[in-house]
Amino acid sequence: YHEPADELSQETRTFARMITSLIEEAEAIGWYEQRMSLEKDKEAKAIMANAQKEEFKHFGMNLEFLLRRNEDW
């Protein structure tokens, strides 16, 4: 948090956690993309592709949660 956690509402703390999760999922998607671009083993690459799909799913779930909680979005 950039502000004192005990002064933030529960909703704001949850929002901050979900934003952090979005950032982490996006980073993981990018890392898998880089790994797959260099990986020569087809089986290993397929496992990475599957893992990347899960990261996309988690990113989408986090974003949907935030969208549902914010009427302005």
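The values are calculated or read from the model by the stated rules, or taken from the named source; none is laboratory data. Predicted, not measured: the structure shown is a model, and the values here were computed from it. So basically every Cβ, Gly included, is an ideal-geometry build from the backbone, and we count neighbours across all protein chains shown. The protein model used for the area step is the full one, side chains on, heavy atoms only, and it has no ligands, DNA or RNA in it. Shrake-Rupley method; radii C 1.70, N 1.55, O 1.52, S 1.80 Å.
Starting from a Cα-only point model with no solvent, please compute log10 I(q)/I(0) by Debye for the chain at q = 0.16, 0.23, 0.28 1/Å. At q = 0.16, 0.23, 0.28 Å⁻¹ the computed log10 ratios are -0.66, -0.96, -1.17. Here the spin labels are modelled as points 7 Å beyond Cα on the Cα-Cβ line, and at Thr14 and Phe56 they lie 2.8 nm apart. Only protein atoms count toward the accessible area here, which uses a 1.4 Å probe; on the chain, the carbon and sulfur part of that area reaches 54 percent. Projecting label points 7 angstrom from Cα along Cα→Cβ for His2 and Gln34 puts them 2.5 nm apart. Mean projection of the Cα convex hull over all viewing directions, computed for region 1-43: 4.1 nm². Adding -39500 (n - 2.57) for every DSSP H run of four residues or longer, then dividing by how many residues the chain holds, sets the calculated 222 nm ellipticity at -28000 deg cm²/dmol.
For the chain, GluC sites (Glu not before Pro) meeting the loop criterion (DSSP other than H, G, I, E, B) and having at most 16 other Cβ atoms within 10 Å: Glu39, Glu71.
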